[in-house]
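**Q** Mind having a look at this structure? Questions to follow.
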Amino acid sequence: MSDPIERTIEAFSRLPGIGPKTAARLTYFLLRAPNDVALDLADALKALKEEIHYCRRCFNVAQGELCSICADPGRDQHTICVVEEPLDIVAIERTGAYRGLYHVLHGAINPLANVGPEDLRINELVERVQKEEVREVILATNPNMEGEATAMYIARLLEPLGVRITRLAHGLPIGGDLEYADQQTLAQALEGRRPIS
Amino acid sequence: MYLQHISLKNFRNYLRLELDLPQGVTVVQGRNAQGKTNLLEAIAYLATGKSLRALTERELVHWLAFEQEPIPYAEVAGDVLRDGIVTRLRIVLTQQGGRGSGSGLRKVVMINGVRQRAIDLLGILPIVLFLPEDISLVSGPPSARRKYLNLLLCQIDREYCSHLDAYTKVVTRRNAQLRSFQGKRPDPTLLAFWNDALVEHGTYIIHRRQEIIARLDELVREQHRILTAGHGRLRVEYRPSLTLIPPSTQVPKAQLALALAKEPVAYTPPPILPPHKIRKRFQETLNTLQREEIEAGATLVGPHRDEMAFLLDGRDVRTFGSRGQQRTVALAVKLAEVQLIEEALGTSPLLLLDDVMSELDEERRARVLHVVRQVPQAILTTTDWDVFDADFLAHAYCLQVNEGILTEKTPDTP
């Protein structure tokens, strides 16, 4: 294992979506590439692990103690949007429609992958709701079975704390055609209809 | 409703096929391994989005496609006419990453040129398919009967199909969750979530199975009576894994004795439990089974363990019936299915019979042909023209298949 080539291949193949073939291809590419390609990568990886950590409040990626959102006093401090991954924050931020805070769980309850509530930042969320002046928790986990299980689990934990708990709506995509919507989505959109005001 | 046109590309042993189909009866004759069953399978695939025979969809792609097409693919398309409106169904399987790559196939379902989910195909082209191996519906393991029920219910109720899909997912996840509790104190909130999910989807499945089997019971008995000229009384019974009626409220002893008598005076089928009662029973049962389930690391009760029994004069045809009796029951079930789909969808299904005639005696053939003439469209395959009489063939569209090529039968061909 002391052979640097072997070590690099082994290291690459531990990444998601990369098999031994791709790992070998990447390794030999870096071997032949100008020095700065490989060294820039090494530096970036080092900085990634040394400079970036998780916000101690919401577990979003952060360069300081707090992430840029938690550190922003202009954000609505009474609303927490619960997401599975930091990437979900990026997606919601792009909408510009949300001005509150976040809480990143770093996954969802998934018995098949052996991920239970104790592996997620759920206790930290409960603590935040108890300590901070939170009025609403928006559960924005994915609309699949794992996401639903997680949302339901958190909802039951938070219920006794007397906070408003909401779930993202399921429904029709904007710019779509009704006749092309699949039945389940359409049925849920009908169920979740609301008055025009 | 009928299938006007079917088009195959690289499907099984058909490289290219464009076939206009008439209303009424079509008979396809061919020697073994020429493509008779493959044609019926293609139609069934278009109707349900699933192959009823292949283990992997890769089997469906002609082997030459992997060698000769720039991007290996297989395609089945068909035009269904109902009430003057044509619906075009199409399923395309494409090799991912082009030729020679080992990766899987991508399946795209299109309805009238728009991408849809496979589940959206259900009910557009309802079919009843009868293959010689369908005798396993009676003689095979319980899973064969569950598969049968699921396919039938999916065709007439898409909601059943989505509940079934969700239920199957819940069972695997719940089993993993149960295993994760072994040697630990189970998390009551988590357990509650998986129990609720299991009960929600399971209740719908059980409720629909109750209803459909109650109706099948009546229709199959009638078909069986006609097929056997009244020899023996057939009953179809639902045997759910969840005890729907607790033992304390079951039939009292006196009535039980009556039921054991040779000719039951008046058989009353079990009542159909409303969903809220099923839900309650299911929840209660899960609560009492909790420890056992965690120990087993498996979901021990629910529709995934259901059974259905065929009783001929009170005796289970699966264990006590002769091969001939089993075949007759399977045939009665299939004929009843035609009626059931008519009732549920308001249109007769396309009847697909694969080499069924050769195994039947004269009377049963006549009965099958009677039903075949009644449905708007039927496609029959045979190795031998002789199983049909000349008058029947004179009114049918006759085709011959040879190594994946269909030709019209001409009067002078033997």
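**Q** So in the protein assembly as shown, what percent of DSSP beta bridges are antiparallel if you round to the nearest 5?
**A** Counting only bridges with both partners in the protein assembly as shown, antiparallel ones make up about 60 percent.
**Q** Taking H placed 1.01 Å from N in the peptide plane, check which residues at least 5 places from B:ARG16 or on another chain put their amide H under 5 Å from its amide H.
**A** So B:ARG16 has HN proximity to B:ASN10.
**Q** So what's the back-of-envelope 222 nm ellipticity for chain A, counting only DSSP H runs of four-plus at -39500 (n - 2.57) apiece and dividing by all residues, rounded to 500?
**A** -13000 deg cm²/dmol
**Q** Could you work out how far the C-alpha centroid of the range B:66-136 sits from that of the range B:266-337, in angstrom?
**A** Their Cα centres are 33 Å away from one another.
**Q** Spin-label point model (7 Å from Cα, Cβ direction): what's the A:ASP76 to B:ARG315 distance in nm?
**A** Spacing of the two 7 Å Cα→Cβ label points: 7.4 nm.
**Q** Identify which of A:GLY175, A:GLY64, A:GLY162 has the largest mean-square fluctuation in a Gaussian network model of chain A, with springs joining Cα atoms closer than 10 Å.
**A** Result: A:GLY175 has the largest fluctuation of those listed.
**Q** I'd like the orientation of helix B:158-180 relative to chain B: the angle between its Cα long axis and the longest Cα principal axis, in ° from 0 to 90, rounded to 10.
**A** So the inclination is approximately 50 degrees.
**Q** Something else now. For the pairs B:LYS9/B:LYS36; B:LYS147/B:LYS334; B:LYS9/B:LYS147, flag any whose C-alpha to C-alpha distance is greater than 19 Å.
**A** Correct reply: B:LYS9/B:LYS147.
**Q** Here's something else I'd like to know. Rounded to the nearest 0.05, what FRET efficiency do B:ASP165 and A:ALA33 have when you use their Cβ-Cβ distance and R0 = 41 Å?
**A** 0.30
**Q** Here's a follow-up. Under a Cβ-only charge scheme (Lys and Arg +1, Asp and Glu -1), can you give me the dipole magnitude of chain A about the Cα centre, in debye to the nearest 20?
**A** Once rounded to the nearest 20, the dipole reads 140 debye.
**Q** In the range A:92-137, if the dipole is taken from +1 on Lys/Arg beta carbons and -1 on Asp/Glu beta carbons about the Cα centre, which of A:VAL137, A:GLY96, A:LEU120 is farthest to the positive end?
**A** Going by the charge dipole, the pick is A:GLY96.
**Q** Could I ask something else about it? Which is the longest run of chain A containing none of the GluC sites (Glu not before Pro) found in DSSP loop states (not H, G, I, E, B) with at most 16 other C-beta atoms within 10 Å?
**A** Formally, the longest exposed-site-free interval is A:66-131.
**Q** Another question, if that's okay. Could you give the length gained on full extension between B:ARG373 and B:GLU284, defined as 0.36 nm per residue of separation minus the Cα-Cα distance, in nm?
**A** Values: separation 89, 0.36 × 89 = 32.04 nm, distance 4.99 nm.
Between B:ARG373 and B:GLU284, full extension yields an extra 27.0 nm.
**Q** Once you sort the root eigenvalues of the Cα gyration tensor of the range A:3-51 as a ≥ b ≥ c, which label holds: rounded (a/c under 1.5), prolate (a/b larger than b/c) or oblate (the other case)?
**A** In terms of gyration-tensor shape, oblate.
**Q** Shifting gears a bit: Could I have the simple spin-label model distance between B:THR407 and A:ASN114, label points 7 Å from Cα toward Cβ, reported in nm to one decimal?
**A** 6.3
**Q** A:TYR102's amide H: which non-local residues (gap 5+, or another chain) put their own amide H closer than 5 Å, with H modeled 1.01 Å from N in plane and none for Pro or chain starts?
**A** Distant-sequence amide H within range of A:TYR102: A:CYS81.
**Q** I've got another one for you. Which FRET efficiency, nearest 0.05, do A:HIS170 and B:GLU363 yield, Cβ-Cβ r, R0 56 Å? Before the final figure, lay out the partial values.
**A** Details: r = 55 Å, r/R0 = 0.99.
For R0 = 56 Å, the calculated efficiency reads 0.50.
**Q** Rounded, prolate or oblate: pick one for the range A:73-167, where a ≥ b ≥ c are the square roots of the eigenvalues of its C-alpha gyration tensor, a/c under 1.5 means rounded, and failing that, prolate if a/b is larger than b/c, else oblate.
**A** Because a/c hits 1.5 or more and a/b fails to exceed b/c, the range A:73-167 counts as oblate.
**Q** Sticking with this one: Please label the shape of chain B as rounded, prolate or oblate, based on the square roots a ≥ b ≥ c of the eigenvalues of the alpha-carbon gyration tensor (a/c under 1.5 means rounded; beyond that, a/b larger than b/c means prolate, else oblate).
**A** oblate
**Q** Hey, another quick one. Pulled fully out, how much extra length does the chain show between B:GLU307 and B:ILE272, if you take 0.36 nm times their separation in residues and subtract their Cα-Cα distance?
**A** 11.0 nm is the gain from fully extending B:GLU307 to B:ILE272.
**Q** If you don't mind, another one. Which of the aspartates and glutamates could a cross-linker bridge to B:LYS409, judged by Cα under 20 Å and excluding same-chain residues fewer than eight apart?
**A** B:GLU18, B:ASP20, B:ASP354, B:ASP355, B:ASP384, B:ASP386, B:ASP389, B:ASP391
**Q** According to a simple spin-label model (label point 7 Å from Cα along Cα-to-Cβ), what is the distance in nm between A:ALA155 and B:ILE71?
**A** 4.1
**Q** Whole percent per 20 Å bin, from 0 to the bin with the longest distance: what is P(r) over all C-alpha pairs of the protein assembly as shown?
**A** 15, 40, 33, 12, 1
**Q** Related question: Along the charge dipole of the range B:115-172, pointing to its positive end and built from +1/-1 on Cβ of Lys, Arg, Asp and Glu, which listed residue (B:ILE156, B:THR168, B:ALA144) has its Cα farthest out?
**A** Going by the charge dipole, the pick is B:THR168.
**Q** Mind checking the range A:21-67 for trypsin sites (Lys or Arg not before Pro) that DSSP puts in a loop (not H, G, I, E or B) and that have at most 14 other Cβ atoms within 10 Å?
**A** Taking the range A:21-67 and a limit of 14 other Cβ atoms within 10 Å, the loop trypsin sites (Lys or Arg not before Pro) found are A:ARG56.
Values quoted throughout were computed directly from the atomic coordinates according to the rules given, and no laboratory measurement underlies them. Since the structure is predicted, the reported quantities are computational estimates derived from the model, not experimental observations. Using ideal geometry, Cβ is built from the backbone for each residue, glycine included, and neighbour counts are taken over all protein chains shown.
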